[in-house]
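The values are calculated or read from the model by the stated rules, or taken from the named source; none is laboratory data. All of these numbers come straight from a predicted model, not from anything done at the bench. Ideal geometry is used to build each Cβ from the backbone, glycine not excepted, and the neighbour counts take in all protein chains shown. Calculation scope for accessible area: heavy atoms of the full protein, side chains included, ligands and nucleic acids excluded. Shrake-Rupley method; radii C 1.70, N 1.55, O 1.52, S 1.80 Å.
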Amino acid sequence: MPSIPGSGCACRPTTSWKVTGRSLEERYILGLRAWDAVVCGEPRGTALAHAERALRGGLSWTHENRGFEVPVSVALVFMYCDQPRRAEELSARGMAECEARGWRGSHLVLGQTLAGYIRYRRGCLAEAENLVREGLRIADRVEGAVPAQWYAIGVLVQTLLARGRTAAARRLADSYRYGEVTPNAVIYPEPRTVYAELLLAEGRDAEAATLLSDVGDWLEGRDWRNPAWCPWQLRLASALARSAPDRAVHHAQEAVKRARDFGAASVIGQAVHTLAEVTGGPASLDLYAEAVDQLQRSPASYELARALVGHGAALSREGRLQEAADRLYRGLEGAVHCGAEALAGRARDELAAAGLRPLPLRYAQTDTLTAPERKAAELAVRGMEPAAIAGDLRLTEQGVRHLLSSVYRKIGTDASGLAAALESFPRQRS
């Protein structure tokens, strides 16, 4: 699989206003411009606008002289901009086009791994693991599929870590010498950052900090600043939390600023969550609350579960047990549904430490919208605020926010993509 394109943000000042998108060449330029906007951390609205213009008139994955790197990057623009459902649709369409042409090998690896990566970003960890393992199995048998192999290994390492399977992630990394060899290509997720995540999970903070500092220098030299694409600053903050807390807070604050500049709720929530972790104490409570609020507006279910458990644990340490219980129960439920076994274990331990007993799961795992969820979504699409929706549905405003959060996670979009996604989302069978 070829690596992603990278322009070092050089095209920002000159191309976007001149290109109409009428020709295939112009649509590819717009696709590159959309990707450039993502990695450089421009406002996500800018990236989405360029991506939509690139797609008008078609963007083939099988053009003989163009390759599929740009169409893949355009699909990933939607994923990083909190519209993973749209990314999945574009990916499925592209892979169907490849199969119709009889393209196999690295293209099939790409399809499996891309589908797994999007599922990972949505928090569907068991599905992600299965998809990426199959992609890696195919890559191992295909000659010349080394870049695709690296892509699959990185996504699988991240997925295993999210599930709490650190030893399995280490075995995988060692078996492919992942972390020892740096590929001469731009691979996503960024391999050294992924390897640093593994080091952090193993408690090797100093090694992780050194590696992440090098990654930061490399990315800053290219003006690739978006923590949604590469969260090196967030991981570096975690690595420095014990040894250099002031530096940790500085890196987390800078990452929060960059996340806000980009504007996707998922990365804002992740960044604020990291800032809460490295801040600690009573001062962290408002940060945890903001992280939860942001992540509730996104389709990132695993990150929301993490933030809920973190907030619940912080509230418990401050003696606010009733509030802690609500966060921990919701976080436990989310962790179980995501397949995040270690996170679920942490939630249970925090509940036990607070003298609370875990409750049975309140709802089954399903991607189908309930009648109240669909109604809340339809009212939100009409422009109604949660307070007004609450009055219409005879619920509390917080209850409406929980409904909409569930909608975003199930459909795979944030509020900006809800109207389009809702049109094609299947209704509950009566």
Practice task
Select from the stretch 282-303 the residues that are open to solvent by less than 10 Å² (accessible area, probe 1.4 Å) and closer than 18 Å to ALA342 by Cβ and list them in ascending order.
Solution key: ALA300
Exercise for the section: May I ask you to list the residues in the stretch 335-376 that are open to solvent by 10 Å² or more (accessible area, probe 1.4 Å), of a type in the set (A, V, I, L, M), assigned to a loop (DSSP other than H, G, I, E, B) and under 20 Å from LEU404 (Cα atoms)? Expected result: LEU361, ALA364
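Results for (1) over 14 Å from the mean Cα position of the chain (by Cα); (2) within 29 Å of ALA376 (Cβ to Cβ), shown as yes or no for each residue.
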| position | (1), (2) |
| --- | --- |
| ALA259 | no, yes |
| PRO282 | yes, no |
| LEU285 | yes, yes |
| ARG317 | yes, no |
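LEU172 - would you say it is in contact with a strand residue (DSSP E or B) (Cβ under 9 Å, 6 or more places away or on another chain), surrounded by fewer than 22 Cβ atoms within 10 Å (Cβ to Cβ) and either over 30 Å from VAL74 (Cβ atoms) or not basic (Lys, Arg) (or both)? Show your work before the answer.
Details: in contact with a strand residue (DSSP E or B) (Cβ under 9 Å, 6 or more places away or on another chain): yes; surrounded by fewer than 22 Cβ atoms within 10 Å (Cβ to Cβ): yes; either over 30 Å from VAL74 (Cβ atoms) or not basic (Lys, Arg) (or both): yes.
Taking the combined requirement at face value, the residue satisfies it.
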Completion exercise
For ARG242, the lone unmet condition from (1) closer than 22 Å to ALA206 by Cβ; (2) buried (at least 21 other Cβ atoms within 10 Å of the Cβ) is (2)
Completion exercise
Within the stretch 117-155, the count of residues that are within 20 Å of VAL267 (Cβ to Cβ) and open to solvent by less than 20 Å² (accessible area, probe 1.4 Å) comes to 8
Problem - Candidates ARG133, ARG119, ARG93, filtered to the one that is farther than 30 Å from LEU198 by Cα and of a type in the set (Lys, Arg) - result: ARG93
Completion exercise
Of the candidates LEU332, LEU379, the one satisfying the condition of being part of a helix (DSSP H, G or I), closer than 22 Å to ALA291 by Cβ and open to solvent by less than 50 Å² (accessible area, probe 1.4 Å) is LEU332
Fill in the blank from the handout: Contact list, first residue from the stretch 105-121 and under 15 Å from ARG93 (Cα atoms), second anywhere and among the polar types (S, T, N, Q) and part of a helix (DSSP H, G or I), beta-carbon distance below 6 Å, six or more apart or interchain, is LEU114/SER91
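Anything in the stretch 257-273 that is under 16 Å from ARG306 (Cβ atoms) and either open to solvent by 10 Å² or more (accessible area, probe 1.4 Å) or in contact with a strand residue (DSSP E or B) (Cβ under 7 Å, 6 or more places away or on another chain) (or both)? List them, or say none.
Restricting attention to the stretch 257-273, the residues satisfying the condition of being under 16 Å from ARG306 (Cβ atoms) are 259, 265-273.
Hits for the stretch 257-273 are ALA265, ILE268, GLN270.
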Problem - Breaking point among (1) open to solvent by 10 Å² or more (accessible area, probe 1.4 Å); (2) assigned to a loop (DSSP other than H, G, I, E, B); (3) farther than 23 Å from ALA248 by Cβ, for ASP326 - result: (2)
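Got a number for residues in the stretch 58-109 being charged (D, E, K, R) and part of a helix (DSSP H, G or I)?
Within the stretch 58-109, the subset charged (D, E, K, R) is 64, 66, 69, 82, 85-86, 88-89, 93, 97, 99, 101, 104.
In the following step, the residues that additionally are part of a helix (DSSP H, G or I) were identified as 69, 85-86, 88-89, 93, 97, 99.
Summing the residues that are charged (D, E, K, R) and part of a helix (DSSP H, G or I) in the stretch 58-109 gives 8.
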Practice task
Among residues belonging to the stretch 402-425 that are crowded, with 18+ Cβ neighbours inside 10 Å and among the charged types (D, E, K, R), point out the one that is farthest from the chain's Cα centre (by Cα).
Solution key: LYS410
Practice task
Could you please let me know if ARG306 is in a helix (DSSP H, G or I), out of contact with any strand residue (DSSP E or B) (no Cβ under 9 Å at 6 or more places or on another chain), over 26 Å from PRO386 (Cβ atoms) and open to solvent by 60 Å² or more (accessible area, probe 1.4 Å)?
Solution key: no
Practice task
Could you check PRO2 against (1) modelled with pLDDT under 85; (2) buried (at least 21 other Cβ atoms within 10 Å of the Cβ) and say which number it fails?
Solution key: (2)
Fill in the blank from the handout: When restricted to LEU234, LEU212, the only residue of a type outside the set (Val, Ile, Thr), more than 23 Å from GLU42 (Cβ to Cβ) and surrounded by 22 or more Cβ atoms within 10 Å (Cβ to Cβ) is LEU212
Problem - Checking VAL381 against (1) out of contact with any Gly (no Cβ under 8 Å at 6 or more places or on another chain); (2) closer than 22 Å to HIS337 by Cα; (3) in contact (Cβ under 8 Å) with a residue 24 or more places away in the chain, the condition it does not meet - result: (2)
Fill in the blank from the handout: Taking first residues from the stretch 193-210 that are within 16 Å of LEU172 (Cβ to Cβ) and second residues anywhere that are open to solvent by 60 Å² or more (accessible area, probe 1.4 Å) and assigned to a helix (DSSP H, G or I), the pairs with Cβ under 7 Å that are 6 or more apart or on different chains are LEU199/GLU207
Completion exercise
Counting only residues that are within 16 Å of the chain's Cα centre (by Cα) and either among the polar types (S, T, N, Q) or closer than 21 Å to VAL407 by Cα (or both), the stretch 62-75 contains a total of 1
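Looking at this structure, is ARG222 more than 19 Å from the chain's Cα centre (by Cα) and either outside any helix (DSSP H, G or I) or of a type outside the set (A, V, I, L, M) (or both)? First the steps, then the outcome.
On the way: more than 19 Å from the chain's Cα centre (by Cα): yes; either outside any helix (DSSP H, G or I) or of a type outside the set (A, V, I, L, M) (or both): yes.
Spelling it out, ARG222 is indeed more than 19 Å from the chain's Cα centre (by Cα) and either outside any helix (DSSP H, G or I) or of a type outside the set (A, V, I, L, M) (or both).
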